[in-house]
1. Which numbered condition in (1) assigned to a strand (DSSP E or B); (2) out of contact with any Asp or Glu (no Cβ under 6 Å at 6 or more places or on another chain); (3) within 19 Å of Gly4 (Cβ to Cβ) is the only one that Glu89 fails?
2. Just to be sure, is Phe19 under 19 Å from Val79 (Cα atoms), of a type in the set (A, V, I, L, M, F, W, C) and modelled with pLDDT of 95 or more?
3. Somewhere in the stretch 54-66, is a residue closer than 23 Å to Leu3 by Cβ, free of Cβ contacts under 8 Å to residues at least 40 places away in the same chain and exposed (fewer than 14 other Cβ atoms within 10 Å of the Cβ)?
4. In the stretch 29-48, how many are surrounded by 17 or more Cβ atoms within 10 Å (Cβ to Cβ) and in a loop (DSSP other than H, G, I, E, B)?
5. Does Arg100 qualify as being free of Cβ contacts under 8 Å to residues at least 24 places away in the same chain, in a helix (DSSP H, G or I), surrounded by fewer than 17 Cβ atoms within 10 Å (Cβ to Cβ) and not aliphatic (A, V, I, L, M)?
6. Any residue at all in the stretch 44-63 that is closer than 21 Å to Pro127 by Cα, touching a Lys or Arg at 6+ places or on another chain (Cβ under 8 Å) and not polar (S, T, N, Q)?
7. Residue check: is Gly46 closer than 19 Å to Val79 by Cα, within 15 Å of the chain's Cα centre (by Cα) and not acidic (Asp, Glu)?
8. Which one is surrounded by the most Cβ atoms within 10 Å (Cβ to Cβ), of the residues in the stretch 1-28 that are touching a residue at least 24 places away in the same chain (Cβ under 8 Å) and charged (D, E, K, R)?
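The values are calculated or read from the model by the stated rules, or taken from the named source; none is laboratory data. Since this is a predicted model, take the numbers as computed values, not measurements. Virtual Cβ from ideal backbone geometry, glycine too; neighbours counted across all protein chains shown.
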Amino acid sequence: MILGIGIDVIEVSRVTASFQRFGDRFLTRILRPNEIAYCTSHSQPGPFLAARFAAKEAVSKAFGTGIGSELGWQDIEVVRLPSGQPIVELHGSGRELLARRGGQTLHLTLTHTALYAAAVAILEGTPIDLKQL
């Protein structure tokens with residue numbers, strides 16, 4: 001059963017400007033080491049950075065929490081399968097939240113152009129009694 005859906009669209013220029021202004025401090029706040037390595041391996045990292053930013057926002061919306069005290073930037077990682085398909089790997093509070101919500105699978109799709117990046121996340125699982133939360 002679908003437990004949550006999240007979507008996010010962001011301007012690539014906004015993320016690129018933050019990267020140019022704050023450099024590694026921005027990257028290490030938002031991304032995990034493998035994500036940084038992947039994004040910065042491209043000659044134009046902006047669209048790839050923006051796609052991961054959008055993915056993390058979409059995942060947090062699928063959980064119904066947003067990015068904050070229950071789910072942080074570092075709790076969500078976008079990993080690429082050998083086919084190139086993006087998947088979500090949860091860490092720390094992300095794994096705990098998945099278990100508490102009855103989640104079993106997170107689906108993710110990303111897209112980007114030179115101007116915009118977007119992501120959609122779908123959380124699937126077994127519904128639980130929300131009064132327990």
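1. (2)
2. no
3. yes
4. Going through the stretch 29-48 one residue at a time, the tally reaches 3.
5. It is false that Arg100 is free of Cβ contacts under 8 Å to residues at least 24 places away in the same chain, in a helix (DSSP H, G or I), surrounded by fewer than 17 Cβ atoms within 10 Å (Cβ to Cβ) and not aliphatic (A, V, I, L, M).
6. Yes, the stretch 44-63 contains at least one residue that is closer than 21 Å to Pro127 by Cα, touching a Lys or Arg at 6+ places or on another chain (Cβ under 8 Å) and not polar (S, T, N, Q).
7. Working: closer than 19 Å to Val79 by Cα: yes; within 15 Å of the chain's Cα centre (by Cα): no; not acidic (Asp, Glu): yes.
Answer is no for this residue.
8. Asp8
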